[in-house]
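These notes concern the structure reproduced below.
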Amino acid sequence: MSYGLIVADVRKGTFDERNLDLIGFCNILEVDAYILLPKGDYDVDLSYFKRVIRLNMEEADFLNPLNIGAIVEKTIEKFGRPSIIIFSSSSSGMEMASYLAGYFNVPIITDINGLSKEEKVFFKSCYSEKVYAHLRLKNEGFSVLTIRSGSFKQHANKKCEVTETEEMDPPTLSEKRSFLGYVEEEKQEIDITKANFLISIGRGVGKKEEIAGYEELATLLKATLSASRPVIDKQWLPKERQVGTSGKTVKPKVYLAMGISGAFQHIAGMKDSECIIAVNKDPEAPIFQYAHYGIIGDMHKVRDKLKELLKGL
Ligand SMILES: Cc1cc2nc3c(=O)[nH]c(=O)nc-3n(C[C@H](O)[C@H](O)[C@H](O)COP(=O)(O)OP(=O)(O)OC[C@H]3O[C@@H](n4cnc5c(N)ncnc54)[C@H](O)[C@@H]3O)c2cc1C
């Protein structure tokens, strides 16, 4: 049976939840999951994997993309060729994956969020979810793939009866680039990831002067105000309020999206919310595909009506 080589998504000694998507992906393809892990006391259930390859190297060296080619080469020498090498679509995963594909001169598909096993086709959304690309690999050898977070974790439900653990010394490490340290985020006043109820406003808000009305609505609903990227880019709200791939990932009980179209960079940050309500004047807005409830209409009118009702209580 061929195997899928997972390059673990690790950071500061933690094993990221995104790794579950990589395990789920291997399960769907019915390939044994092997994982490459650096030194460290990671909180991970090893029974997901057929083989765990512990590298005698620090996390920082492991995350250095200049080292990954030689690491995989050594892995192939020892265990044979995998059918796929998979990374998560995190910033470090994307960086390492592209280096690796270049190193071996093999195909790469990034940000996969679906697949048809029978037709051997991988899916990915492009252009803010407007295009759904179907991609088939032509080569007979192995390929490098990156997986979008949240796409396959529900399939990480198979445990191996026997997990083999191997230690491997790293190859000579690259001296061209080294890890200097992590830069901590500035302390934030509001943590939107902890909120139970988020009201998120998008470009549809139109102008800065409208925002005060949404802050008022948030207060009345005991909710927290967050936003899509255009609102943050215009500096109408601070960066700490941004939801999405380059902002925060949130999972509130209720996510009320107002004037947000539903670009994948935004969806990736809120799709696991328990209840999604979307307000948008465009009935074709992609956000409605993810919403449990939707209102087609003007967000300001919905805001003002809600305020009126809440004040009357
Ligand atoms: C590398 C990268 C990272 C990114 N990271 C993020 C990220 O972290 N978070 C993020 O959000 N985006 C991110 N983006 C941007 C993303 O691609 C979209 O451009 C962005 O999410 C669009 O925001 P929006 O939905 O508010 O605006 P738009 O796509 O312009 O949508 C506005 C919506 O408002 C509706 N509307 C307008 N007026 C009204 C009204 N009066 N009432 C009701 N509805 C109205 C419109 O119908 C439309 O659907 C990123 C992009 C890149 C390239």
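Overview of results
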quantity	calculated
Residues that are hydrophobic (A, V, I, L, M, F, W, C) and assigned to a strand (DSSP E or B), drawn from segment 69-121	Ile84, Ile85, Ile86, Phe87, Ile108, Ile109, Ile112, Leu115, Val121
Residues that are farther than 30 Å from Glu308 by Cα and β-branched (Val, Ile, Thr), drawn from segment 159-213	Val162, Thr163, Thr165, Thr172, Val183
Members of segment 112-148 found to be crowded, with 19+ Cβ neighbours inside 10 Å and touching a Lys or Arg at 6+ places or on another chain (Cβ under 6 Å), listed by number	Ile112, Asn113, Phe142
Residue list for segment 258-298, restricted to those being small (Gly, Ala, Ser) and closer than 26 Å to Phe123 by Cα	Ser261, Gly262, Ala263, Ala268, Gly269, Ser273, Ala278, Ala285, Ala291
Any hit, segment 181-198, residues being under 30 Å from Leu29 (Cβ atoms) and either in a helix (DSSP H, G or I) or within 16 Å of the ligand (Cβ to nearest atom) (or both)	no
Count - residues of segment 272-313 that are surrounded by fewer than 19 Cβ atoms within 10 Å (Cβ to Cβ) and outside any helix (DSSP H, G or I)	18
Every residue from segment 208-261 that is outside any helix (DSSP H, G or I) and among the aliphatic types (A, V, I, L, M)	Leu221, Ala223, Leu225, Ala227, Leu237, Val243, Val250, Val254, Leu256, Ala257, Met258, Ile260
Sole residue being over 23 Å from Ser125 (Cα atoms), outside the structural domain of Val131 (by TED's automatic domain parsing) and free of Cβ contacts under 8 Å to residues at least 12 places away in the same chain, chosen from Lys234, Lys301, Lys222	Lys301
Unmet criterion (only one of (1) exposed (fewer than 15 other Cβ atoms within 10 Å of the Cβ); (2) outside the structural domain of Glu95 (by TED's automatic domain parsing); (3) among the β-branched types (Val, Ile, Thr)) for Ile211	(1)
Pro252 vs. criteria within 29 Å of Glu184 (Cβ to Cβ), surrounded by fewer than 16 Cβ atoms within 10 Å (Cβ to Cβ) and not small (Gly, Ala, Ser)	no
Enumeration of residues in segment 255-308 that are polar (S, T, N, Q) and either under 17 Å from Asn196 (Cα atoms) or more than 9 Å from the ligand (Cβ to nearest atom) (or both)	Ser273, Gln289
In segment 214-247, the residues that are within 8 Å of the ligand (Cβ to nearest atom), under 19 Å from the mean Cα position of the chain (by Cα) and surrounded by 16 or more Cβ atoms within 10 Å (Cβ to Cβ)	Ala227, Ser228, Arg229, Gln242, Val243, Gly244, Thr245, Gly247
Checklist (1) buried (at least 20 other Cβ atoms within 10 Å of the Cβ); (2) hydrophobic (A, V, I, L, M, F, W, C); (3) without any contact (Cβ under 8 Å) to a residue 24 or more places away in the chain applied to Phe49, failing item	(3)
All positions within segment 237-250 that are closer than 13 Å to Met270 by Cβ and free of Cβ contacts under 8 Å to residues at least 40 places away in the same chain	Gln242, Gly244, Thr245, Gly247
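The values are calculated or read from the model by the stated rules, or taken from the named source; none is laboratory data. Since the structure is predicted, the reported quantities are computational estimates derived from the model, not experimental observations. A quick note on method: Cβ atoms are made from the backbone with ideal geometry, for glycine too, and the neighbour counts reach across all protein chains shown.
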